[in-house]
Amino acid sequence: MNILHIDSACLGDNSASRQLTAAIVDALRVRHWDANVAYRDLGAGHLPHVTGPLLQVMRGQWNSTIPLNEDLQGDVMLTELLLAEFMVADVIVLGAPVLTLSVPSTLKAWLDRVVLEGRTYKVSPSGRTIGLATGKRAIVASTRGGPTLAGMSDYHTGYLKAVFAMVGITDVHILEADNLAQGTAAREQAIEAALQQAALLAA
């Protein structure tokens with residue numbers, strides 16, 4: 001089994017989503033002791049947002065009018081590595097805290113690199129999107145400081161489910177921990193409940 005473990009929170013050791021993704025991966029490794037784990041810390045801020053030239057190269061639209069300089073070559077190599085990690089993964093464990101009603105921009109930058117036409121999805125002549133990353137499972141640790149508000153899932157967990165579906169991943173499990181900023185007792189209770197779910201999701 002190949003596990004892709006991704007954290008996107010910027011809070012370091014204070015991050016609940018990091019604690020939960022680590023617990024999920026640990027539980028998976030108990031059941032699959034020989035699993036290979038690739039780890040990406042998007043919260044460290046080392047992944048730049050995509051540029052127009054990068055998208056043109058990745059979509060096979062590069063031409064001599066786009067300077068293929070050292071920076072762009074490095075960005076292409078990084079994107080190819082991220083795509084390879086994504087495509088070889090059997091299970092994707094994703095830490096996705098709610099930030100401004102949606103996912104952190106660092107996570108969006110990663111998604112923009114792995115959700116590419118011709119690589120992880122294609123469009124049929126009739127305009128239908130066909131995922132090319134089928135057969136994978138995704139487990140998302142969704143955390144937020146307050147309660148889940150009506151409609152919020154459309155911007156966060158609903159958005160992530162839609163993105164995964166676009167590339168052919170429909171086996172998506174959401175592990176939620178709410179009210180993390182509502183005092184110590186509420187935080188501990190939410191994390192403990194989520195940790196118990198983590199063990200079940202890893203089954």
Requested in this report: Mind counting the residues in segment 153-192 that are β-branched (V, I, T), outside any helix (DSSP H, G or I) and in contact with a helix residue (DSSP H, G or I) (Cβ under 7 Å, 6 or more places away or on another chain)?
Outcome: 2
**Report entry** Residue satisfying all of: in segment 104-148; assigned to a strand (DSSP E or B), touching a residue at least 40 places away in the same chain (Cβ under 8 Å) and of a type outside the set (D, E); surrounded by the fewest Cβ atoms within 10 Å (Cβ to Cβ) among these
**Finding:** Y121
Query raised in the report: If we scan segment 82-94, do we find a residue that is modelled with pLDDT under 95 and among the aliphatic types (A, V, I, L, M)?
Result: no
Report summary line: The correct count of residues that are under 12 Å from L78 (Cα atoms) and outside any loop (DSSP other than H, G, I, E, B) in segment 49-61 is 2
Query - Failed criterion for N2 (all others in (1) under 15 Å from A141 (Cβ atoms); (2) touching an Asp or Glu at 6+ places or on another chain (Cβ under 9 Å); (3) surrounded by 16 or more Cβ atoms within 10 Å (Cβ to Cβ); (4) modelled with pLDDT of 95 or more hold) - result: (1)
Query - Filter result (within 11 Å of the chain's Cα centre (by Cα) and among the hydroxyl-bearing types (S, T, Y)) within segment 97-141 - result: T106
Query raised in the report: Which of the residues that make up segment 73-97 are within 19 Å of G118 (Cβ to Cβ) and touching a helix residue (DSSP H, G or I) at 6+ places or on another chain (Cβ under 7 Å)?
Result: D75, V76, T79, L82, L83, F86
Report task. Could you list all residues from segment 1-22 that are in contact with a His (Cβ under 9 Å, 6 or more places away or on another chain) and in contact (Cβ under 8 Å) with a residue 40 or more places away in the chain? Result -> M1, I3, T21
Report task. Output the residues belonging to segment 16-48 that are part of a loop (DSSP other than H, G, I, E, B) and of a type in the set (A, V, I, L, M, F, W, C). Result -> W33, A35, L47
Query raised in the report: For segment 10-65, how many residues are of a type in the set (D, E, K, R) and exposed (fewer than 15 other Cβ atoms within 10 Å of the Cβ)?
Result: 5
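The values are calculated or read from the model by the stated rules, or taken from the named source; none is laboratory data. Worth saying up front: this structure is predicted, and the values here are computed from it rather than measured. Cβ atoms come from the backbone with ideal geometry, glycine included; neighbour counts cover every protein chain shown.
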